[in-house]
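Nothing in this text is a laboratory measurement; each read-out follows from the coordinates by a stated rule. Source: prediction; values computed, not measured. Reconstructed Cβ throughout: ideal geometry from the backbone, glycine too, with neighbour counts over all protein chains shown.
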Amino acid sequence: MTRIRITFTKQGALRYTGHLDLHRLLERAARRAELPLAYSQGFHPQPKISIAAALPLGFASRAEVLDMKLEQEIDLNDLPARLNATLPTGLQVLKAELVDERAPALQTQVLSATYEVRLTEPVIGAELTRRVKEMMAIESLPRERRNKPYDLRPLIEMLSVVTESSGEVWLRMTLAAREGATGRPEEVLNALGIEFETTKIERTKLIFIS
Amino acid sequence: MLTPEQIENKLDRILLRVQKPGRYVGGELNSTVKSWDSARTRVALVFPDIYDIGVSNVGLKILYDLINQRDDALAERAYAPWFDMEELMRQNEIPLYALESKQPLACFDLIGISLPYETLYTNALNILDLSGIPVRSLDRDESHPVIIAGGHSTMNPEPMYAFIDAFVIGEGEEAIQDVINTIQDFKAKRKEEGNTLFHLSSFDARTELLHQLSKIQGIYVPRFYEASYLDDGTVAAIEPTLPDVPKIVTKRIVAVLPPPPTKFIVPNIDIVHNRVSVEIMRGCTRGCRFCHAGMITRPIRERSVDEVLEAAEAALKATGFEELALLSLSSSDYTNVLELVTRVGEKFAGKHLKIGLPSLRIESVSIDLMEKLKDSRSGGFTLAPEAATERMRRIINKYISDDDIIETTREIYRRGWTTIKLYFMIGHPSETLEDVQAIAELCKRVLLEGRKVAGMRIKLNVGVSTFVPKSQTPFQWVSCDTPEQIKAKQSLLKREFIRDKNIKLSWTDAEDSFLEAWLSRGDRRLAEVIYTAWMNGAKFDAWFEGRKYQTWMDSFAENGLDPLFYTHRQRRTDEVFPWEHITAAVRKSFLFQDFRQSLEGKIRVDCRLDCFACGILPTFANMRRDNPGDVWKCPDVKSPQSNNPLSVSSMKLPMVGD
């Protein structure tokens, strides 16, 4: 048994493929690439693929991470090319590396995630910067999600406004992504008074316990 | 017209508000995205139900591949948006678009709609409307795409005559090429000659193009035919209005099945059938009298075991799917079925693959076949006795004895399957409550006998559908059961099975069957009923969410028609049917003879054993002569080649009433 860690993108049409469907898709891709996927025991054997952190529907990502267990060792150098040849446009393997098989489960190792938020409706940069500063200055931001009160503020690790030389204004944020403490970009946007539907969100990095 | 970029931008704003947005974005592996500008003919293939159902349709997949193999054409796909998406599309003025290029459907040259069953009719209208294309054929002009339709239900195209420009009757593999070529020739000529092309013709450009299409064998252009009616409401005649369109349109077939598609679309979301399907055989020789497919897909043509295996392997490699379905109307009748399953079993053993072999005969050999295909016996085993009394089985020409059923099911349980599914139909001609009672008795016996060999854990699922008489079958003359009869039969079964929690009964709602029944043997006047029903909100008629029985009843009333005329009426023996000018090459006289034999309780054996002269051979004699031997299961045609250079179209076709 060997365990490999794969970093990949999820973009374009694939933004609308949910977490469970992505599992299925990856399993098929592995089968097409003839990787010796390891399966669980039992009545309904499941492939041993685990994805670090579910990406919300509609989000793009430049840096998704998964662990996959294989029955035999394979050449990791040509693995990205082998998988990419059989992945739908929008999914692309960037990196494959060997992981200690006894290392803790990937999901338990995620600390936070960084997002870029592009705005499709014009905004006044200075006004947005003011609102961001205000939000970062306060200590508590009580909100409610699915009828449960929680504090958004401690989940925001970083939030900044970027102004391009072209004049385009966008947001960058790093939010906690620990089990039981996950900040959601759309909640931050909502708190800033930006309509979620007018944005394009891309996850750019997952930060792990090193 | 919106550009693809504009459509995509609008989509990004609404997609997170609908269920399963992955239905609407394309981008699947094995979909073909060709350059829009370099294709001379752009074809949109539409399955008028949701993506989840349509994407695995094999018929459209065949056409998709064939068209995309041409350098001068492209094919893209579209499906019916679900209620939530349709509402948002209409609100945001997003026209229906094709998944590959996101081009609006209205920008295509040709739209091909698959109509395998009648409950898709309102959706087909809705799709045209969502595309901004006039729903009625006569309201469209040269700027609109040509709308064609095909599929099993179009063996009686008449209820949809007002909405479809041209129907492809029969198999589409070759016909689609002819249609595309004709459109290309016409457009080239039109460019060259401009309006002078129509100097001698009173036709506008669109009508002239359809006129050209009507000359292709198997193409039916309804606007060139007129129906007249007798005082009793039945059809008097359906006649061509032009001298050079065929009086009778004979279905198109391919002599030899072309290589099966292997690059199946791999959806990025979960759908109904995540599988590779390989058609092992087309047609059926069993002659079950209720079976539309069995009558209209003759003759039998098989693929070789090698070809099936190669295709299955290539398709599994191209898709990574976890399921393989070997499709045919009657797997047991495939000549080398034992060799096929043995080799499939060996080849794919231990690959976490589920293999489906549908429509097996009720005999122990079937169990041997299934055993070779299964890694574990956890799944169910499906058999379709259809009826439970000897009398009924003789009437429908599907003869299996109770003893065979008991013996086979007992053996299935004994060998380790824990669930068996038995399919029955109620509403067969002359069926009584006793015949239905027999279904209950037989099922109980199956379970009882099974328990003797496999204990108490075994289960039986009983699926009971309602028979709907179809055009072009021996039962096209019969009346349907009334809703009261159907409900009485269903409650009898529900009562019988309610106490045994190991028997699970499923049935089709009586009202759903009626919609199918009106439309399957309907005439041209039903086009207005469909239109009115659709205008009043009918769509997704096969779905619980779309059920609008009262809307349909109102729409019959509004158009002065009686639904019972179409369903609960025994047809006169000399009745001219609304589909009299369309033939599946199985003669009306043959069907009538078979119907008479049914009334006498006479069985007809498998026609591989004895040719009953259904009409296929005389119609396609030249084709058969050119393709002798095992390719077809019909007898060889040995008579010398006729001098006539034209094959099928010039041959004597079955005449009305012959």
Can you give the percent of C-alpha pairs in segment B:434-566 whose distance is more than 26 Å?
-> 38 percent
For B:K421, residues with placed amide H under 5 Å, excluding near neighbours = B:F381, B:T382, B:L383, B:N461
What angle do you read, to the nearest 10 degrees and between 0 and 90, between the alpha-carbon axis of helix B:305-319 and the longest principal axis of chain B?
-> 70 degrees
For segment B:260-275, take each phi angle, set θ = phi - 60°, evaluate the Karplus expression 6.51 cos²θ - 1.76 cosθ + 1.60, and give the result in whole Hz per residue in order, putting x for glycine and proline.
-> x, x, 10, 8, 5, 4, 9, x, 8, 10, 6, 10, 6, 10, 8, 7
Vicinal HN-Hα couplings computed from phi for segment A:51-60 (Karplus, 6.51 cos²θ - 1.76 cosθ + 1.60; Hz; Gly/Pro x) = 9, 4, 8, 4, 9, x, 4, x, 7, 8
Per-residue HN-Hα couplings for segment B:334-344 [Karplus 6.51, -1.76, 1.60; θ = phi - 60°; Hz; x = Gly/Pro] | 5, 3, 9, 4, 5, 4, 4, 5, 4, 6, 4
How fast does segment A:109-208 diffuse by Stokes-Einstein, in µm²/s, taking the Kirkwood radius from C-alpha pairs at 10 °C and 1.306 mPa s?
-> 114 µm²/s
Neighbour-count ranking for B:Y229, B:Y413, B:Y117 (other C-beta within 10 angstrom, fewest to most) reads B:Y229, B:Y117, B:Y413
Evaluate peptide A:13-26: per residue, the Cβ atoms of other protein chains within 10 Å of its Cβ; return the mean as an integer.
-> 6
Average Cα contact separation per residue, chain A, under 8 Å, 6 or more apart, as relative contact order % = 26 percent
Relative contact order, percent, of segment A:2-103 when contacts are C-alpha pairs under 8 Å separated by at least 6 residues?
-> 48 percent
Provide, for q = 0.08, 0.13, 0.16 Å⁻¹, the log10 of I(q)/I(0) from a solvent-free Debye sum over equal Cα point scatterers in segment B:4-221.
-> -0.27, -0.72, -1.09
If the convex hull is drawn through the Cα atoms of segment B:158-247, its volume per residue in Å³ | 107 Å³
Here the FRET efficiency for A:A81 versus B:E346, based on Cβ atoms and R0 = 35 Å and rounded to 0.05, is 0.65
Put in order of increasing Cβ neighbours within 10 Å, starting from the fewest, A:H44, A:H19, B:H352 give A:H44, A:H19, B:H352
Any idea what the alpha-carbon Rg over 2.2 N^0.38 Å comes to for the protein assembly as shown?
-> 1.04
Distance in nm between A:M158 and B:D244 label points, each 7 Å along Cα→Cβ, equals 7.5 nm
Enter the Cα centre distance for the pair segment A:17-50 and segment A:116-155, rounded to the nearest angstrom.
-> 37 Å
Relative contact order for chain B using alpha-carbon pairs under 8 Å, separation at least 6, rounded to a whole percent?
-> 13 percent
Extension gain B:T3-B:R136, at 0.36 nm per residue separation less the Cα-Cα distance, in nm?
-> 45.4 nm
Report the far tail of the P(r) of chain B, meaning the percent of Cα-Cα pairs longer than 43 Å.
-> 22 percent
Two-site label geometry, B:Q437 and A:K148: point separation in nm, points 7 Å out along Cα→Cβ | 5.9 nm
Expressed in nanometres to one decimal, the distance between label points 7 Å along Cα→Cβ at B:D626 and B:D185 is 1.7 nm
Would you give the gap between the C-alpha center of segment B:339-402 and the C-alpha center of segment B:437-508, rounded to a whole Å?
-> 19 Å
Treating the angle as unsigned and between 0 and 90°, give the value, to the nearest 10°, between the Cα long axis of helix B:121-130 and the longest Cα principal axis of chain B.
-> 40 degrees
Neighbour-count ranking for B:M553, B:M295 (other C-beta within 10 angstrom, fewest to most) reads B:M553, B:M295
Among A:K205/B:K263; B:K263/B:K351; A:K200/B:K102; B:K489/B:K539, the pairs whose Cα-Cα distance exceeds 24 Å are A:K205/B:K263; B:K489/B:K539
Assuming R0 = 51 Å, can you tell me the calculated FRET efficiency for the pair B:R572 and B:A255, based on Cβ-Cβ distance, to the nearest 0.05?
-> 0.85
List the GluC sites (Glu not before Pro) in segment B:57-110 that DSSP assigns to loop (not H, G, I, E or B) and whose Cβ has at most 10 other Cβ atoms within 10 Å. Which are they?
-> B:E93
Can you list the residues, at least 5 places off or on another chain, whose amide H is less than 5 Å from the amide H of B:R361, using H built in the peptide plane?
-> B:S332
Taking placed amide H atoms and a strict 5 Å upper bound, the residues 5 or more places from B:R298 or on another chain that come that close are B:C284
